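A.B. asks: This is the structure I have questions about; it appears just below.
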Amino acid sequence: MTETAAPVCVWLKRDLRVGDHPALAEAVARSRGGCVFAVFLYEPEVLAQPERDPSHVAFERECLVELEAALGRLGIRLLTRRGEAVAMLEQLRRETGFRLLVAHEETGTGVTYARDRRVRRWAREAGVEFLEQPQTGVVRRLASRNGWNRLWEERMEAKRAEVPRSTGRGGLATVARLATAGILDGRALGLPADTKDRQPGGERAAHEVLDDFLSRRGRHYSGGISSPLSAPASCSRVSPYLAFGAISLRTVWQASEARRREVQASLVETTIPRDRAALQAWQRSLKGMQSRLHWHCHFMQKLEDEPAIEFHNMLRAADGLRETEVCPERLAAWQAGRTGYPLVDACLRSLLATGWLTFRMRALVVSFASYSLWLHWRPTGLFLARHFLDFEPGIHWSQLQMQSGTTGINTLRIYNPTKQAIEQDPGGVFIRRWVPELAGVPKAYVHMPWTMPADVQGRAGCVIGRDYPPPLVDHAAAVREAKRRLAIVRHAPEARREARGVAARHGSRKDRRGAMQQDPVRRTLGRHLPPRKTPPAADRQRRLPFAASDGDLES
Ligand SMILES: Cc1cc2nc3c(=O)[nH]c(=O)nc-3n(C[C@H](O)[C@H](O)[C@H](O)COP(=O)(O)OP(=O)(O)OC[C@H]3O[C@@H](n4cnc5c(N)ncnc54)[C@H](O)[C@@H]3O)c2cc1C
């Protein structure tokens, strides 16, 4: 190995792991005698984004601490620098002479999208080869959604990119001398303390959470993910690890697929009815969870294809619907969990405390904000993004628009907060836990405390208007008005025409039985793909559990 070979730089962003890391693996493969080093940047513009919460920084720090040690074992030094990306990368280039920069493609926010474009331009001008590797099923420069499902499946089934030990010595002494900002906590970055009782960060935690789900908790996924009482344990809880890249989507998919096959095999051999029922519950659950892994990328692909949907209505005919009616008091009440609707309030307060909510409750709080309070999805979405530990821009903004009726391609799904409360928290246990003002309210009134007679209010220690607010709006009347306004927009001929374009661009491709359509042309990835192995049709149907069983997921 020659000492003169240049080192290779891996720029880590939301890929804080060593397992199945295509960028690190590629860097080691391409290092040709040069050493490999990794850099993580604390970028002021990223840290200042309104989506950023101290909990994100703390979670990221936990990932980085573990990653530094894991990379060290692979002979790869992890440095951090604090500053604007182009300036920091140029500084490192001057210090080390790297000519190859490897990173993962990111479907991020407007800020990181613009930053990545600047970095690409800088690399071209500086003569640095900038290699961006995919790490999910999201396809960059996708020509058409036709066939996307198969590309996704091929990525998920491809061999995982395990990172070999870096043995290159070129530039090793230089890299060893490089200054590093260290792994910073929120205080060092000038941020308030993280107060959330949240999931711990790190690659080890990611695997533990996944293993626990696949071996124990996952059995109750099917049927257990809607209620805020059962969902925290029944859901996989892998979302923050996927968002920060502490585990790859492929790893999660392959582990769930291995488990599904194991269950399938046991089912063939089992005749005892009780055991069969348990295995069938596992089967339904794994299928449901796997369909959502697919939706993960399906939604991200929308933002990848059309970055503007972070800020603008997907259906531009919906412009003007809510933009002009800004009501700061309603927004503030919703954010504080003081709308007077107990389940909505409990959800928002639990989110602020834990950084997580199950899908149905996320949909409920957005539906309430967008239809009942007639708030624009952007400020409510920013608030949720800040408090979701798993904030993933592509899923988040697509879902926000879908749950607000601005995509033009989804059925309006308006949740009734009282009906949801009665169905999902019949005893008011979740409500009382997060809205302590209602702790003494009898079960008969806990879902509609405003109907409590004055004497019951007195005995319950909860006077409406003093201890707990009356309903901020009349839900039924507000929803009638919301539907009227939306109908005018959505039924206009030009909106229907536009909606057909949105469906062609972003809609899922399913035939009438719910199976994904086959791709006629391998247009986008074409030559980069491994040869196609098309399993028999019946087998494909069985292996692609993507026909959404839950109408809420329809794209
Ligand atoms: C308004 C709104 C905003 C959302 N914002 C985010 C977000 O910022 N980040 C995020 O990861 N998810 C988001 N979701 C989707 C979903 O609620 C979360 O992925 C899920 O609750 C995370 O918990 P889990 O990992 O236990 O999920 P599980 O149910 O165990 O699912 C496993 C994985 O599948 C993916 N997934 C699950 N549901 C969906 C879905 N509906 N759409 C796309 N992918 C899905 C996630 O990666 C999840 O980790 C949002 C949903 C709504 C309604």
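A.B. asks: Could you report region 105-150's accessible area per residue, 1.4 Å probe, as an integer in Å²?
C.D. replies: On a per-residue basis, region 105-150 sits at 43 Å².
A.B. asks: Okay, next question. When Lys and Arg each count +1 and Asp and Glu each count -1, what net charge do the other residues less than 14 Å away from Pro200, Cβ to Cβ, add up to? List each step's numbers first, then the result.
C.D. replies: On the way: positive: Arg61, Lys196, Arg198, Arg204, Arg237; negative: Glu60, Glu62, Glu66, Asp194, Asp197, Glu203, Glu208, Asp212, Asp390.
Charge balance near Pro200 sits at -4.
A.B. asks: Could I ask something else about it? Express as a percent, rounded to the nearest 5, the fraction of DSSP beta bridges in the chain (both residues included) that run antiparallel.
C.D. replies: Just about 5 percent of them are antiparallel.
A.B. asks: Could you grab the relative contact order for the chain? Cα pairs under 8 Å, six or more apart, rounded to a whole percent.
C.D. replies: Rounded, it is 17 percent for the chain.
A.B. asks: Ranking request for peptides 403-415, 197-209: highest mean number of other beta-carbon atoms within 10 Å first, then the rest in descending order.
C.D. replies: Values: 403-415: 21.3, 197-209: 19.3.
My ranking of the peptides, most packed first, is 403-415, 197-209.
A.B. asks: For region 17-141, with only Lys/Arg (+1) and Asp/Glu (-1) charged at the beta-carbon, what is the dipole magnitude about the Cα centre, in debye rounded to 20?
C.D. replies: Once rounded to the nearest 20, the dipole reads 540 debye.
A.B. asks: If packing is taken as the mean number of other Cβ atoms within 10 Å per residue, what is the order of 298-306, 143-151, highest first?
C.D. replies: Taking the mean over residues of other Cβ atoms within 10 Å, the ranking is 298-306, 143-151.
A.B. asks: Does region 50-117 classify as rounded, prolate or oblate by the C-alpha gyration tensor (a ≥ b ≥ c root eigenvalues; a/c under 1.5 gives rounded; else a/b over b/c gives prolate, otherwise oblate)?
C.D. replies: Here region 50-117 falls in the oblate category.
A.B. asks: Work out the P(r) tail for region 261-351: percent of alpha carbon pairs separated by more than 17 Å, whole number.
C.D. replies: Here the long-distance tail beyond 17 Å is 73 percent of all Cα pairs in region 261-351.
A.B. asks: Can you give the relative contact order of region 308-405 as a percent, counting alpha carbon pairs under 8 Å and 6+ residues apart?
C.D. replies: Numbers: 89 pairs, mean separation 30.2, N = 98.
Relative contact order for region 308-405 comes out at 31 percent.
A.B. asks: Please report, in debye to the nearest 20, how large the charge dipole of region 131-235 is about its Cα centre when each Lys and Arg carries +1 at its beta carbon and each Asp and Glu carries -1 there.
C.D. replies: 280 debye
A.B. asks: Under a point-charge model restricted to the Cβ atoms of Lys and Arg (+1) and Asp and Glu (-1), what is the dipole moment magnitude of region 376-476 relative to its Cα centre, in debye to the nearest 20? Intermediate results must be reported in sequence, preceding the final value.
C.D. replies: Numbers: 9 positive and 8 negative charges, 8 e Å.
I would put it at about 40 debye.
A.B. asks: Also, I was wondering about something else. Using only alpha carbon positions, build the gyration tensor of region 114-200, then give the equivalent ellipsoid semi-axes as the square roots of 5 times its eigenvalues, largest first, whole angstrom.
C.D. replies: Value: 31, 25, 19 Å, ordered largest first.
A.B. asks: Classify region 376-482 from the C-alpha gyration tensor, please: rounded if a/c falls under 1.5, else prolate or oblate depending on whether a/b exceeds b/c.
C.D. replies: Numbers: a/c = 2.46, a/b = 1.88, b/c = 1.31.
Cα axes put region 376-482 in the prolate bin.
A.B. asks: Quick one: pull the percent of accessible area on region 64-210 belonging to carbon and sulfur, 1.4 Å probe, ligands and nucleic acids left out.
C.D. replies: Here carbon and sulfur together make up 50 percent of the probe-accessible area.
A.B. asks: Which Cα, out of Ser215, Ala482, Leu178, lies furthest along the positive dipole direction of the chain (beta carbon charges, K/R +1, D/E -1)?
C.D. replies: In the chain, that residue is Ser215.
A.B. asks: Just to confirm a number: summing +1 for Lys and Arg and -1 for Asp and Glu over residues other than Ala476 whose beta-carbon lies under 14 angstrom from that of Ala476, what do you get?
C.D. replies: The answer is +2.
A.B. asks: How much of the pair distance distribution for the chain lies past 33 Å, counting alpha-carbon pairs only, in percent?
C.D. replies: 47 percent
A.B. asks: Moving to a separate point now. Among Ser230, Val263, Ala278, which residue has its Cα furthest toward the positive end of the charge dipole of region 230-284, with +1 on Lys/Arg Cβ and -1 on Asp/Glu Cβ?
C.D. replies: The residue sitting farthest along the positive end of the dipole is Ser230.
A.B. asks: Would you please classify the overall shape of region 228-295 from the alpha carbon gyration tensor, given that a ≥ b ≥ c denote the square roots of the eigenvalues, rounded means a/c under 1.5, and beyond that prolate means a/b larger than b/c while oblate covers the rest? Don't jump to the answer; show the numbers that get you there.
C.D. replies: Working: a/c = 3.14, a/b = 1.70, b/c = 1.85.
Verdict is oblate for region 228-295.
A.B. asks: Over region 309-442, give the accessible area per residue in Å² for a 1.4 Å probe, as an integer.
C.D. replies: With the other protein chains kept in place, region 309-442 gives 30 Å² per residue.
A.B. asks: Could you tell me the calculated FRET efficiency between Glu157 and Ala308, based on Cβ-Cβ distance and R0 = 45 angstrom, to the nearest 0.05?
C.D. replies: With R0 = 45 Å, the Cβ-Cβ based efficiency is 0.90.
The values are calculated or read from the model by the stated rules, or taken from the named source; none is laboratory data. If you're wondering where the values come from, they're calculated on a predicted model, not measured in any experiment. Reconstructed Cβ throughout: ideal geometry from the backbone, glycine too, with neighbour counts over all protein chains shown. Surface areas here come from the heavy atoms of the whole protein model, side chains and all, with no ligands, DNA or RNA. Shrake-Rupley method; radii C 1.70, N 1.55, O 1.52, S 1.80 Å.
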